[in-house]
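One structure is given below, encoded as structure tokens.
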Amino acid sequence: MNWQLNTDIDNIAWLHFDNEHNKVNILHSAAVKELDQILDELKNKNPKALVILSNKEASFCMGADIHEFADSTDLDQIKSHVISGQAVMQKLADLPFPTIALIHGFCLGGGLELALACRYRIAEDNALFALPEVRLGIQPAWGGSVRLPQTIHPLKALNMMLTGGMIKAYFAKKIGLVDAVIPKRQRLNAARYIALNGFKRSKHLGHRLADIALVRKCVAFFVRQQVLKKANPAHYPAPFQIIDNWQKYGAKGKEAYVAEVDSFMHLLAGSTAKNLIRLFLLQEQLKASGKKVEEKIKHVHVIGAGTMGGDIALWCMQKGLTVSLQDKNAQALSRVMAHAADNLIPDVNGDGIAHADLIIEAVFEDLAVKQAVFNDIKNKMKPNAIVASNTSSISLAEFPYPIVGIHFFNPVAKMQLVEVVHTDTLPEDIRNKALSFAHQIGKLPIKVKDCPGFLVNRSVAPYLLESARLIEEGMPIEQLDKIVTDFGMIMGPGILIDLVGLDICLAAVTNLGATAPKVLLDKIAHGYLGKKTGEGFYTYKNGKPVKMHTGTDLSISSEIVIERILLPMINECVACLGEGIVESTDEIDAGLIFGIGFAPFRGGPMQYAKDQGYEKIYEKLKSYQEKYGQRFVPKSGWDLFVKL
Ligand code: NAD
């Protein structure tokens, strides 16, 4: 049972959405089918009005059930699935009596499409609306892409669909998505009032203009240009499809509904949607892995107020924790304090150690310095406090006592990932508390076994080293970065090294036992440490890289550049899996996407290897080994993927 129907003395039908066994409402197939039957029943009964509301505490509806279509590639099957949902929404829209969606909390995706199929929408002041389909590589197809631009100004509708962003109740009222916003206590009376009296709306000028094909063509051109700045249609086709459909049909007529189904099924069957949906599901899984422990961390003490420590402290502060921040360098502390509010305590002497539930070390990447810090912590911390390190490349086994790795990524505010690293001697409850802390502060944790560089830096190091080789061979950094961002990475290797810091990269490379490239050593010798010093592979003005074309364009194809830098990364990922550093290719893909911005639509390095064919990648490694040398030797672990 998913719905409960009551009719009151005024002959108003109240349809309560309440998924059995679920904390939230999802419009899965069973719920849609049941709704279909109820709508038939209501059509016969012909009540005065219908009010649809949710019995769940925090939401109206979270949308369709993504699990039901995550794997489907059969176009006919997808089509019949989506058409049946679209038809139910149409049945609701065609009811001859007033229909009202009474919305509180989240009203997302298919949930908002349901609300849009009602004649009126009333929102409680805590309501939040979004059509987030585009973030999964698809588009609304239960009538939402047609009804939204009919309901609100078409430009605002396009904006909502193209960003997938969430809007709040009062803004929804302002743009005409809802007819009224009311406090919770007035919800039932407000719904009853509109049910009995209706509500008058005027048609926007924007709608009338959007009826003119030429106007739509101009607007679509302008919107497409904006989207092109952010997304490549070959990589992310969904937003462009949404614009095309609107331009062609102007959210009118049967054709518009046919078009949304048609584009939905092709988008869903494509690889971008498959990868983005898998990523979304992985994200949910990782979030859940941090939910086990009830006890929350209240006070965090961070040691080291540099690039990472400062940002970790600010992030924890924003998440409402009390944070003390220690640094021997008062200047480093004052840099961070300039961005801080009340609950960040500057702490030159480390007094906070005695009060903290969790102590995170983020000092220089130098074993001796870190060891001294850990010995100091041990003498001062309270019993049961957790000691963690943010080291990027030093094995935790080198530290004087069992310490959990909580490895953040740079920039902390943007990268969702943290690697929660454990050694064999680390008690499991400490690892679980670290996972739960990551969840508490809104990060995505992956469980990683200790080794130098853990999963992400260990796999990224050979990718960056090969990039440095290409630069040494004379490839301009911009050319390399462009090839890599065209491939779909969020940033190129030059920008990534500058962001992380050339000194930190050098330490990582050395700790991983590799030889540092000359280009890196030369820059460091000049004091060019990256963005933090204003100069690295790029020069920075006001925090932005200045383009400077140095070196000569190499006549080397983009394909070879990508293979040269990606093959060593994939090779190392395979080795990590072979050694049990992580347990699944899912964790590897999530780690590299959420940690360093591997092209999300490609689904991560292992998904990319799978799509290319593991055999092919393995054979390529062997041929590159012959051509370029031992750094391409396939590592142990390939037996998990190919017959050796
Ligand atoms: P950083 O050089 O910017 O900052 C280090 C800070 O530690 C400095 O402010 C220094 O004054 C302070 N410090 C040094 N010794 C200290 C001591 N004994 N007591 C108190 N403060 C001391 O370095 P960073 O980039 O923030 O890196 C810090 C740690 O985080 C390293 O272990 C690094 O590997 C790791 N990490 C760095 C990145 C990155 O992208 N930079 C990413 C993930 C992890």
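The values are calculated or read from the model by the stated rules, or taken from the named source; none is laboratory data. What you see is a predicted model; the values in this text were computed from it and never measured. When we count neighbours, we look across all protein chains shown, and the Cβ atoms used for this are built from the backbone with ideal geometry, even at glycine. Note: accessible area is taken over every heavy atom of the protein model, side chains too, but ligands, DNA and RNA are not part of it. Shrake-Rupley method; radii C 1.70, N 1.55, O 1.52, S 1.80 Å.
Need the full-extension length gain, E583 to L155, defined as separation in residues times 0.36 nm minus the C-alpha distance. One decimal, nm. Write out the running numbers ahead of the final one.
On the way: separation 428, 0.36 × 428 = 154.08 nm, distance 4.56 nm.
In short, 149.5 nm is gained.
Pairs with C-alpha atoms separated by more than 27 Å, drawn from the list K291/K544; K531/K627; K91/K217; K230/K319; K287/K449, are K291/K544; K531/K627; K91/K217; K230/K319. With a Förster radius of 51 Å applied to the beta-carbon distance between N46 and V293, the computed FRET efficiency rounds to 0.40.
In the chain, excluding the sites themselves, the longest stretch lacking any of the GluC sites (Glu not before Pro) that are in a DSSP loop with at most 14 other Cβ atoms within 10 Å is 58-293.
Is the shape of the chain rounded, prolate or oblate, going by the alpha carbon gyration tensor and its root eigenvalues a ≥ b ≥ c, with a/c under 1.5 for rounded and a/b larger than b/c for prolate? Could the numbers behind the result be given before it?
Numbers: a/c = 2.07, a/b = 1.58, b/c = 1.31.
Prolate, since a/c reaches 1.5 and a/b exceeds b/c.
Here the simple spin-label model places points 7 Å from the Cα toward Cβ, and for A330 and K184 these points are separated by 5.0 nm.
Most tightly packed first, judged by the mean number of other beta-carbon atoms within 10 Å of their residues, the peptides 261-268, 4-11 read 261-268, 4-11.
Each Cα pair under 8 Å and six or more residues apart adds its separation to the average, and for the chain the resulting relative contact order is 9 percent.
Taking the Cβ-Cβ separation of Q37 and E615 as r and a Förster radius of 51 Å, what is the calculated FRET efficiency to the nearest 0.05? Don't skip to the end; give the middle numbers.
On the way: r = 51 Å, r/R0 = 0.99.
With a Förster radius of 51 Å, E is 0.50.
Kirkwood analysis of the Cα pair distances in the range 376-463 returns a hydrodynamic radius of 13.4 Å. The long axis of helix 502-511 is offset from the longest Cα principal axis of the chain by roughly 70 degrees. Placing pseudo-labels 7 Å out from each Cα toward the beta carbon at E68 and T485 gives an inter-label distance of 4.0 nm.
Among the protein heavy atoms of the range 531-600, carbon and sulfur supply 51% of the accessible surface, probe 1.4 Å, non-protein parts ignored. Accessible surface calculations at 1.4 Å, restricted to protein heavy atoms, place the range 3-269 at 47 Å² per residue. The range 121-158 and the range 411-457 have Cα centres lying 36 Å from one another.
Counting only protein heavy atoms and a 1.4 Å probe, tell me what percentage of the range 293-446's accessible area is made up of carbon and sulfur. Before the final figure, lay out the partial values.
Values: 3260 of 6430 Å².
Answer for the range 293-446 is 51 percent, counting heavy atoms of protein chains only.
Accessible area per residue for the range 293-446 in Å², computed with a 1.4 Å probe and the full protein assembly in place, what is it? Kindly include the intermediate steps, with their values, before the conclusion.
Details: 6430 Å² over 154 residues.
On a per-residue basis, the range 293-446 sits at 42 Å².
Assuming R0 = 22 Å, what is the FRET efficiency of L281 and L75, from their Cβ-Cβ distance, to the nearest 0.05? It would help to have the intermediate numbers written out before the result.
Numbers: r = 22 Å, r/R0 = 0.99.
Efficiency, from the Cβ-Cβ distance: 0.50.
If the chain between T533 and E57 were fully stretched, how many nm would it gain, using 0.36 nm times the residue separation less the Cα-Cα distance?
Details: separation 476, 0.36 × 476 = 171.36 nm, distance 5.00 nm.
Full extension of this stretch gives 166.4 nm more.
The separation of the range 4-37 from the range 360-401, counted between C-alpha centres, amounts to 55 Å. Placing one equal scatterer on every Cα of the range 293-446 and applying the Debye formula, the log10 ratio I(q)/I(0) at q = 0.08, 0.16, 0.17 Å⁻¹ is -0.18, -0.80, -0.92. Max-minus-min Cα coordinates of the range 136-240 on each principal axis give 50, 31, 22 Å, with the largest extent listed first. When a 1.4 Å probe is rolled over the protein heavy atoms, the share of accessible surface on the range 2-51 that falls to carbon and sulfur comes to 47 percent. Across the range 3-269, Cα-Cα distances exceeding 30 Å account for 25% of all pairs.
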